[in-house]
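To keep things clear, I will list the structure first and then write my remarks on it.
The values are calculated or read from the model by the stated rules, or taken from the named source; none is laboratory data. This structure is a prediction, so every number in the text was calculated from the model and none was measured. Here the Cβ positions follow ideal geometry from the backbone for every residue, glycine too, while neighbour counts run over all protein chains shown. SASA here: full protein model, heavy atoms, side chains in, ligands and nucleic acids out. Shrake-Rupley method; radii C 1.70, N 1.55, O 1.52, S 1.80 Å.
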Amino acid sequence: MDILLHQYDTSPFSEKVRVCLGIKGLAWRAVDQPVIMPKPDLIALTGGYRRIPVMQIGADIYCDSVLIVRELERRYPTPTLFPTGTAGMDHAAAQWTDRGMFQAAVTVIFAGLSDAVDAEFIKDREAMSGQPFDPAAMRAAVPHMAAQLRAYAALIDEQLADGRAYLSGDRPGLIDANAYYNLWFVRASYPPAASAFGDLAHLAAWMERVAAIGHGDRSSATRAEAIAAARAASPQPGEIDDRDAALAGRNVVVAATDYGRDPVSGVLIGSSPHHVAIRRESDEAGTIVIHLPRIGYAIR
Ligand SMILES: N[C@@H](CCC(=O)N[C@@H](CS)C(=O)NCC(=O)O)C(=O)O
């Protein structure tokens, strides 16, 4: 079954996943989704989750880049995303890159672009975050956030100072994809802000190496093809962690706790410390199972 990645090209969290697909040399199909709501063809598959990226394999739908890369490693273990056997801490690094580093990148980019940002985009992101888009406040935060970004970038440069090619040695892994994608985002979206890290020589050479990994064997699929693929497939069976036994087979509602908190409801059919899997019926896509992470998500 094809790996379908619901994404858009400018999405930084999608770039994280695309680099992991490149490390693994996998074939996959990009399903481009809109940058703002409405996204009816995505919601038909996710049951309400609106963020990008989402990975689909048949009738199994994986929300959030953290869970997507975990599932890629489970299904396609070779070559590994953890070449030095540090999977736990490499996954934990996402709590740094996806939060503090991402917020710093977003601030320097959107403060820089502020006058050029489309009104519809601003309205959408205000609704998603519950926060006003305030260009003046963002511009005031730039010195601090640029300093944060530089400090984060200097950590990466420090790790590379012994001449290693990638962050854990001579082979690339998830830690490289995580550390890379926000810097890529800044450089691609608002190049002047890349001055926060452009002079770090080890980091600059490493960014070129990560870019050269590429994205694997990419082709494209339409949104209608993705929905048809879900309808034609059956989801994988799930297994429930003993700790969640009381919730097995019950209706649950799962939502992110940071932003884009749109709830997804369904019957709990699988769980582990890292994920929950819920089954629901979609008018368009038939029976689907939606997988969501546990860190940063609440279950009711
Ligand atoms: N924790 C999520 C965050 C994803 C995220 O914030 N994605 C951005 C795009 S890169 C998003 O969904 N923005 C709103 C949208 O595209 O509708 C993940 O790791 O996948």
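Tabulated results
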| quantity | calculated |
| --- | --- |
| Test: residue in segment 204-226 that is part of a helix (DSSP H, G or I), more than 22 Å from the chain's Cα centre (by Cα) and within 24 Å of Val106 (Cα to Cα) | yes |
| Filter result (open to solvent by 50 Å² or more (accessible area, probe 1.4 Å) and more than 16 Å from the chain's Cα centre (by Cα)) within segment 30-40 | Met37, Pro38, Pro40 |
| Every pair of residues 6+ apart whose Cβ atoms lie under 7 Å, when the first sits in segment 111-128 and is open to solvent by 30 Å² or more (accessible area, probe 1.4 Å) while the second is in a helix (DSSP H, G or I) and more than 14 Å from the ligand (Cβ to nearest atom) | Gly112/Pro192; Gly112/Ala193 |
| Enumeration of residues in segment 1-25 that are buried (at least 17 other Cβ atoms within 10 Å of the Cβ) and not in a helix (DSSP H, G or I) | Ile3, Leu4, Leu5, His6, Gln7, Ser11 |
| Scope segment 86-110; condition open to solvent by 10 Å² or more (accessible area, probe 1.4 Å) and of a type outside the set (A, V, I, L, M, F, W, C); matching residues | Thr86, Gly88, Asp90, His91, Gln95, Asp98, Arg99, Gly100, Gln103, Thr107 |
| Some residue of segment 164-178 being farther than 22 Å from Cys20 by Cβ and at pLDDT 95 or above | no |
| Yes/no for Arg164 being assigned to a helix (DSSP H, G or I), surrounded by fewer than 17 Cβ atoms within 10 Å (Cβ to Cβ) and not assigned by TED's automatic domain parsing to the domain that holds Arg29 | no |
| Pro12 farther than 26 Å from Ala228 by Cα and assigned by TED's automatic domain parsing to the domain that holds Val254 | yes |
| Subset of segment 275-300 [more than 16 Å from Ala59 (Cα to Cα) and loosely packed, with under 15 Cβ neighbours inside 10 Å] | Ala298, Arg300 |
| Near pairs, Cβ below 8 angstrom, 6+ apart or cross-chain, from segment 1-15 (touching a residue at least 40 places away in the same chain (Cβ under 8 Å) and hydrophobic (A, V, I, L, M, F, W, C)) to any residue that is within 15 Å of the ligand (Cβ to nearest atom) and assigned to a loop (DSSP other than H, G, I, E, B) | Leu5/Pro53; Phe13/Arg51; Phe13/Ile52; Phe13/Pro53 |
| Helices (runs of 4 or more DSSP H) completely within segment 65-140 that count 3 or more residues being of a type in the set (Gly, Ala, Ser) | 87-92, 102-113, 119-129 |
| Condition met for Ala224 (in contact with a Gly (Cβ under 6 Å, 6 or more places away or on another chain) and either surrounded by 14 or more Cβ atoms within 10 Å (Cβ to Cβ) or under 18 Å from Met1 (Cα atoms) (or both)) | no |
| Residue satisfying condition, being within 13 Å of the ligand (Cβ to nearest atom) and surrounded by fewer than 22 Cβ atoms within 10 Å (Cβ to Cβ), within set Ile43, Ile52, Ile68 | Ile43 |
| Residue pairs meeting the criteria (Cβ under 6 Å; at least 6 apart or on separate chains; first at negative phi and more than 8 Å from the ligand (Cβ to nearest atom), in segment 22-39; second part of a loop (DSSP other than H, G, I, E, B) and aliphatic (A, V, I, L, M)) | Trp28/Ile3; Arg29/Ala221; Val31/Ala221 |
| Evaluation of Ile57 against (1) of a type in the set (A, V, I, L, M, F, W, C); (2) away from the ligand (no atom under 16 Å from the Cβ); (3) at pLDDT 95 or above; (4) out of contact with any helix residue (DSSP H, G or I) (no Cβ under 8 Å at 6 or more places or on another chain) (one fails), failing number | (4) |
| Residues (assigned to a strand (DSSP E or B), more than 15 Å from Val54 (Cβ to Cβ) and within 16 Å of the ligand (Cβ to nearest atom)) located in segment 270-298 | Val276, Ala298 |
| Within segment 183-203, tally of residues that are in a helix (DSSP H, G or I), within 29 Å of Ser114 (Cα to Cα) and touching a residue at least 24 places away in the same chain (Cβ under 8 Å) | 10 |
